[in-house]
1. Considering only segment B:231-253, how many residues are crowded, with 20+ Cβ neighbours inside 10 Å and within 14 Å of another protein chain (Cβ to nearest Cβ)?
2. Do any helices (runs of 4 or more DSSP H) lying entirely in segment A:113-228 carry at least 3 residues that are touching a helix residue (DSSP H, G or I) at 6+ places or on another chain (Cβ under 6 Å), and which ones are they?
3. Out of everything in segment B:286-299 that is more than 10 Å from chain A (Cβ to nearest Cβ) and surrounded by fewer than 24 Cβ atoms within 10 Å (Cβ to Cβ), what residue ends up being farthest from the chain's Cα centre (by Cα)?
4. Regarding segment A:275-292, can at least one residue be identified that is touching a residue at least 12 places away in the same chain (Cβ under 8 Å), more than 10 Å from chain B (Cβ to nearest Cβ) and either touching a strand residue (DSSP E or B) at 6+ places or on another chain (Cβ under 9 Å) or under 23 Å from A:GLY123 (Cα atoms) (or both)?
5. Tell me whether segment B:266-274 contains one or more residues that are more than 27 Å from B:HIS187 (Cα to Cα) and within 11 Å of chain A (Cβ to nearest Cβ).
6. For the structure I just gave you, tell me whether A:THR169 is in contact (Cβ under 8 Å) with a residue 12 or more places away in the chain and either touching a Pro at 6+ places or on another chain (Cβ under 8 Å) or under 15 Å from A:VAL225 (Cβ atoms) (or both).
7. Among A:SER241, A:SER253, A:SER267, which is the only one that is of a type in the set (S, T, N, Q) and either over 26 Å from A:LEU154 (Cβ atoms) or within 7 Å of another protein chain (Cβ to nearest Cβ) (or both)?
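The values are calculated or read from the model by the stated rules, or taken from the named source; none is laboratory data. Everything numeric here is computed off the predicted structure, so don't read it as measured data. Counting neighbours? That spans all protein chains shown, and the Cβs are built from the backbone with ideal geometry, glycine included.
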Amino acid sequence: MSTLRVQAPSAARPPQSPFRRIVDDFFANPVATFGFGLLCLIVFFAIFAPLISPQNPYDLAQIDVMDGRLPPGSPTATGGTFWLGTDDQGRDMLSAIFYGLRISLAVGAASTVLALVIGLAAGLAAAYVGGRFEALVMRIVDIQLSFPAILIALILIAVLGQGTGKVITALVTIQWAYYARTVRSAALVEKRKEYIEAARCLALPPSHIVFRHLLPNCLPPLIVVATVQVAAAIALEATLSFLGLGLPITEPSLGLLIANGYQYLLSGKYWISFFPGIALLLTIVSINLVADQLRDVLNPRLQR
Amino acid sequence: MLVFIIRRSLQSVVVLLAMSLIVFVGVYAIGNPIDILINPQADQIDRERAIAALGLDRPLWEQYLVFLQGALGGDFGRSFVHATSALRLILEKMPATLELAFTAMLIAIVLGIPLGLWAGLKPNALSGRAIMAGSILGFSLPTFWVGLMLIMVFSVMLGWLPSNGRGATVDLLGVPVSFLTVDGLRHLLMPATNLALFNLALLIRLTRSGAHEALLQDYVKFARAKGLSNRRVIGVHVLRNILIPVVTVIGLQFGSLIAFAIVTESVFAWPGMGKLLIDSINLLDRPVIVAYLLVIVTFFILINLAVDILYSALDPRVRLTEAKG
């Protein structure tokens, strides 16, 4: 009954590629389109930071301590404007934010990709092999997910020490469990379907079945989880950096910029913490808006 | 019911043992405590004597048993920095953290359930939509930054509330608490609100979707058909049924409140366990780190146990399936 209702309108429309349909559905929602546009803009700022920043905030020749802690809108010595003010070293905050976005996004993306690969391998293997191996992997996932991410991150930082690589390791260790759980449950559903049975009957090699048949069909829920997790990773890295347990000061991410402004907040110099926080907030919100819409678009039960 | 509680308690002991092993191996065996504990100028003989004195020459499982024996008696070793018992140090800081977490949970419950119910009953009204939009912000805003902005607005710009510390405390049964003095309450309000935000958003969404579903159920239609007042239908029939997941989440989230208090305590310089942990990590004070982690893991396990028991009391079906299986 319900399948009939779902198929009737699509039969009336001309045939459409699935990708085309997903893109169309995605941009049908104005809020999601806005989120996507904002995200593109943020990624653009991050990638081209050196080209569009008014100054290189980490080139000592370009900054002047005499410009320190100027409020937003103050003129620069060369006739420009510090639109978002300057920090204690006299850095233009706008430039510092562009460079900070670069580092925050890079750390978030790197840890997401690594965690995705590890979680995907573990989840697929658990679903395909089954038995003791599956029980063991899923037990570890369950125990890990029963603790808040921030606690696991702090345990790992306490054990491993600090540094960019260590932060990425901590983020990967936290995130792989989400992917493993998602992939496994998707793969368990797909495994029972006829096309896998057909592939087995054709005596295709297991690697071919797993990677060419099982994997592509497990991707939709994984894409949604990955999008949400990029935002979570960026927020967690910022939190760790704010606590002084994240990236070293040579890698000034948004979290470090905010931490740097914390000490000047009480004397009313709000802009050093405020604007990097707004940049962080816009990044997280835009990614979440995109993830929300992806969830609706990629969910086969909601297909129109 | 008794069998259920006993079985759940046994399960908890097993998880606790497993976690103690992980924390022990993680913090003690992966890092090398010798480098920190022994003077780098010491010669080989001194080193070996110190290693033997600390029991570090014995096999790992034996070290673990010694550690476990001490831990069961409440001995996690002495803090390298404060030269007192690590556990005592944590217990001294615990009331401050618990007070903060309880207050935050109270704020989340008192505001979250009514707001969620309202949004569930009026999903298309402007007020309902505004509540839901606000809850999305609660998920997206990074906690520590919201804390900074609260300080900026209420301490620096308006000057209404103090930005750090606990304020004046009163001893209640020998434990210092802030909530009984006006000054203490003023200090408590901002950090507790900051910590509550995430759970407030969570409770709003949970209550809303619960109310939304319950309103479509036959028993609600039946209650209305019987001619019960709207207040009774919502207050008794709807609320009672959405409370089951809400209670579970409140219980489970209490543990994460204590974990997230680490961040809030750092922002507002609240002298609790979380701030102690951050300081200990920075100073490589391993006994305190291990003691903190095991205390908080025990917390989590006790909370899970309590939630399971409460859950089975609220929903008899849970108890029945457990007893059969």
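1. 1
2. Values: elements: A:131-145, A:149-160, A:164-191, A:194-201.
Because the criterion is at least 3 residues that are touching a helix residue (DSSP H, G or I) at 6+ places or on another chain (Cβ under 6 Å), the helices (runs of 4 or more DSSP H) in segment A:113-228 that meet it are A:131-145, A:149-160, A:164-191.
3. Only one residue fits best here, namely B:PRO287.
4. yes
5. Step one: list which residues in segment B:266-274 are more than 27 Å from B:HIS187 (Cα to Cα), which gives none.
Within segment B:266-274, none of the residues are more than 27 Å from B:HIS187 (Cα to Cα) and within 11 Å of chain A (Cβ to nearest Cβ).
6. No, not satisfied.
7. Numbers: A:SER241 fails: either over 26 Å from A:LEU154 (Cβ atoms) or within 7 Å of another protein chain (Cβ to nearest Cβ) (or both); A:SER253 fails: either over 26 Å from A:LEU154 (Cβ atoms) or within 7 Å of another protein chain (Cβ to nearest Cβ) (or both).
Every option except A:SER267 fails the conditions.
Residue-by-condition table, conditions (1) under 26 Å from B:VAL13 (Cα atoms); (2) within 11 Å of chain B (Cβ to nearest Cβ); (3) surrounded by fewer than 18 Cβ atoms within 10 Å (Cβ to Cβ); (4) basic (Lys, Arg):
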| site | (1), (2), (3), (4) |
| --- | --- |
| A:VAL117 | no, no, yes, no |
| A:ALA122 | no, no, no, no |
| A:LEU151 | yes, yes, no, no |
| A:ILE157 | no, yes, no, no |
| A:THR164 | no, no, no, no |
| A:ILE168 | no, no, no, no |
| A:TYR179 | no, no, no, no |
